[in-house]
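Worksheet: one structure, shown below.
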Amino acid sequence: MRFHEDGAVATPESLLASAMLLGLDPEKAVEQLAVMAATIMKTLRDRLRQADADQEDINKLESAFKVAHAVANHWFDPIEVPARQGWYRRA
């Protein structure tokens, strides 16, 4: 799903851009990205193993681990909220 001009590749910047286009406060979005990244890095592999997922299926999800690691180690610059444009508007 593409929400912004940066394309559909999940990077720390593209995740934040998508959150902002959906109307989320950028500081809260960064906080939530950090929480999600930490959760993925700390628990997802273990929970998949507990659910008897085989290693092949776990390996298919490796990109999620890479994105989580990138988000967890990314320094988000101070954020200025741009003027709202596009289809997404708060009700």
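The values are calculated or read from the model by the stated rules, or taken from the named source; none is laboratory data. Everything numeric here is computed off the predicted structure, so don't read it as measured data. Glycine also receives a Cβ, built like all others from the backbone with ideal geometry; neighbour counts cover every protein chain displayed.
Listed values, structure above:
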quantity	calculated
Yes/no for E31 being of a type in the set (D, E), within 19 Å of S14 (Cβ to Cβ) and in a helix (DSSP H, G or I)	yes
Spans of helices (runs of 4 or more DSSP H) in the range 40-91 with at least 1 residues of a type in the set (S, T, N, Q) and modelled with pLDDT of 80 or more	45-50, 55-60
Within the range 7-28, tally of residues that are assigned to a helix (DSSP H, G or I) and either surrounded by 13 or more Cβ atoms within 10 Å (Cβ to Cβ) or touching a Cys at 6+ places or on another chain (Cβ under 8 Å) (or both)	11
